[in-house]
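For reference, the structure is listed below as structure tokens.
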Amino acid sequence: MTRTSLEKSLRRAVSVACTVALAGTLSLGAPSHPAQGAIQATTMQSSEPVYPSASPNSESEDEDTILIPSVTSQEGKMYLAVTDTAIDDVDSQKIMDAVREAVDGQNAKILLGVDKKPNNLKGASQLVRGMLMFGDSDAMSDDWLENGKTKGYVGEGWIAVGVMLPESPDGEVEVFVDPGRNVRETETGSKDKILDAGTRYFEAGDYTAGISAVAISTTENLRAPLDKRIAMGIVFGVLLLIVAVLVFVGLRQKRRNDVQAAAKKRLKKAEVWESTIQQDLNALRRTPTTAVDARVSNRSAQTLKEIQAQRELAENGSVTEDMQGAIVEGKISEKQALRLEEQAEHLGLLRRAVELARSLSDTAGNSVKSWNQIIEQHRGGLQLLVQLIDHEGASGLQVVPQIRTAIVTHTDALDQLHERATSKPGPAEPAQLLEDLWVLRDELDSLIDLALSQAEAVQIKVDAKLEEQLFAFLPREGAKPNDPISVLRVFAPVGGRK
């Protein structure tokens, strides 16, 4: 409850601030044209000030004292203020329960004040104006002093309602409605509906039901536009939602296009792999079998035997019917494509290995090309090591003495192995010659690996191209078509080691 007394200090404030600015405006005939009624459905206007003033010489505080109800209950946008004198005549909780659903759909805030006669107020209209000016809500328009007389005193988005209960049960209940500037009637005569909404309940003495009916009728017959900030938030929210939907649709379409493009690309590759597989299988079937001396059991001989065994299995193989059907229908899956690619890669290496085995076991004239390829590949590795140790700072690497020794010994060994390869070999000679070259290659690979590791440890910057060429020699880099030893390693027992 807010209590105010019009003593000397207040009289000065009211006289100076209000009397000049509001004396003619804070009346029942203000431009906002508030609606007022009673249970007899009477509407009246008063020319008296809406807020009581007093003579500066009056010494009676009790006569000039008024009570303005404070907000006691709130439900969403519904604010209920009941004076102490009226608190026993109404059930605030029942009122709030009754209007809960109605106020949810209302944009405006409703300030509903309830008082009871006798008091110093001149009806429900002064109750409303008193709550606006001296109550604890912000329903009063911010510019009331400048524009209240022409535009009204209730702020935008607010509806002020006053209910004045009678002193005796047979008296009239007064209802006053003052809508904000931007609040409009839903249809002509809506304010009258609000004034009459609680009539039958008031006549029956049920003030709680009557006040509830007035509040509900207010939400139905007066409407305020959505708050600008909320409206803008909704607009931006909708725009963001639209953008999100468009982005989602765009991304989904892009994904669909990407999937379709990937499927087409996968199908084209699958067709190439299928063709390659058929070519390699046909080549394997045409290549004569290589005889390997059973008495030799070193790594090279075992590798050549493994190549022959795999060749025999592959000759009877082909692309499966389900894979061929998927390619024809253009619906090959990623898993199928991966299987096909692996089969094509393996058959390609097997074909190369079969050709090498056949070539190395052939007559000297036919095999010299393959032996020279192995030897020249090795000489190239030695030359790369020479370039590495010539790098600035590389001379301090621990492996350098081993490299210098290997360059000399390997060069001599390669010359001797070349002479053996060009002479007429015996049945066991190709496997043994390959083994001797393989052992040298193992040592070369080990020196390259050590050199690269030590150079990295001491942060020697090696030329990128040189580093790439050195790495290509290492077993972990896989098979290279122009490197026979790397191809044979794929089929060697225990990963290419004895």
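Brief remarks on what is shown
- Looking only at the range 448-467, and only at residues there that are of a type outside the set (A, V, I, L, M, F, W, C) and either part of a helix (DSSP H, G or I) or open to solvent by less than 10 Å² (accessible area, probe 1.4 Å) (or both), the one that is farthest from residue 400 (Cα to Cα): 465
- Selection over the range 344-363 of residues that are closer than 30 Å to residue 435 by Cβ, touching a residue at least 40 places away in the same chain (Cβ under 8 Å) and open to solvent by less than 60 Å² (accessible area, probe 1.4 Å) gives a count of 11.
- Among the residues of this structure, residue 354 counts as one that is part of a helix (DSSP H, G or I), more than 41 Å from the chain's Cα centre (by Cα) and either of a type outside the set (Asp, Glu) or farther than 14 Å from residue 283 by Cα (or both).
- Considering the range 364-387, the residues that are in contact (Cβ under 8 Å) with a residue 24 or more places away in the chain and of a type in the set (Val, Ile, Thr) include one that is surrounded by the fewest Cβ atoms within 10 Å (Cβ to Cβ), namely 368.
- One residue stands out among those in the range 468-492 that are polar (S, T, N, Q) and open to solvent by 10 Å² or more (accessible area, probe 1.4 Å): the one that is farthest from the chain's Cα centre (by Cα), which is 482.
- Residue match in the range 435-442 (condition: open to solvent by 70 Å² or more (accessible area, probe 1.4 Å), farther than 25 Å from residue 346 by Cβ and at pLDDT 90 or above): yes
- Of everything in the range 353-390 that is out of contact with any Phe, Trp or Tyr (no Cβ under 8 Å at 6 or more places or on another chain) and of a type in the set (Gly, Ala, Ser), the residue that is modelled with the lowest pLDDT is 364.
- Residue selected from the range 160-217 under the condition among the β-branched types (Val, Ile, Thr), out of contact with any Lys or Arg (no Cβ under 8 Å at 6 or more places or on another chain) and not in a strand (DSSP E or B), by the criterion most open to solvent (accessible area, probe 1.4 Å): 188
- Yes/no for residue 269 being open to solvent by 50 Å² or more (accessible area, probe 1.4 Å) and free of Cβ contacts under 8 Å to residues at least 24 places away in the same chain: no
- Within the range 138-159, if we keep just the residues that are assigned to a loop (DSSP other than H, G, I, E, B) and more than 20 Å from residue 121 (Cα to Cα), the residue that is farthest from the chain's Cα centre (by Cα) turns out to be 152.
- Flag if residue 385 is more than 20 Å from residue 487 (Cβ to Cβ) and not aromatic (Phe, Trp, Tyr): yes
Residue by residue, here is whether (1) part of a helix (DSSP H, G or I); (2) open to solvent by 40 Å² or more (accessible area, probe 1.4 Å); (3) over 21 Å from residue 481 (Cα atoms) holds:
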residue	(1), (2), (3)
293	no, no, yes
319	no, no, yes
324	yes, yes, yes
327	yes, no, yes
331	no, yes, yes
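- The lone exception for residue 144 - which of (1) in contact with a strand residue (DSSP E or B) (Cβ under 8 Å, 6 or more places away or on another chain); (2) buried (at least 17 other Cβ atoms within 10 Å of the Cβ) it fails: (1)
- Residue count for the range 181-205, restricted to those that are of a type outside the set (D, E, K, R) and under 30 Å from residue 88 (Cβ atoms): 9.
- Qualifying residue in the range 425-447 (condition: among the basic types (Lys, Arg), in contact (Cβ under 8 Å) with a residue 24 or more places away in the chain and not in a helix (DSSP H, G or I)): no
- When residues in the range 60-80 are screened for being over 14 Å from residue 214 (Cβ atoms) and open to solvent by less than 10 Å² (accessible area, probe 1.4 Å), 3 of them pass.
- In the set (1) outside any helix (DSSP H, G or I); (2) open to solvent by less than 60 Å² (accessible area, probe 1.4 Å); (3) of a type outside the set (Asp, Glu), the condition left unmet by residue 275 is number (1).
- Residue match in the range 101-124 (condition: of a type in the set (S, T, N, Q), modelled with pLDDT of 85 or more, out of contact with any helix residue (DSSP H, G or I) (no Cβ under 8 Å at 6 or more places or on another chain) and over 17 Å from residue 175 (Cα atoms)): no
The values are calculated or read from the model by the stated rules, or taken from the named source; none is laboratory data. Worth saying up front: this structure is predicted, and the values here are computed from it rather than measured. Cβ coordinates were reconstructed from backbone atoms using ideal geometry, including for glycine residues, and neighbour counts include every protein chain displayed. Each accessible area value is taken on the protein alone, full model and side chains, heavy atoms only, with ligands, DNA and RNA left out. Shrake-Rupley method; radii C 1.70, N 1.55, O 1.52, S 1.80 Å.
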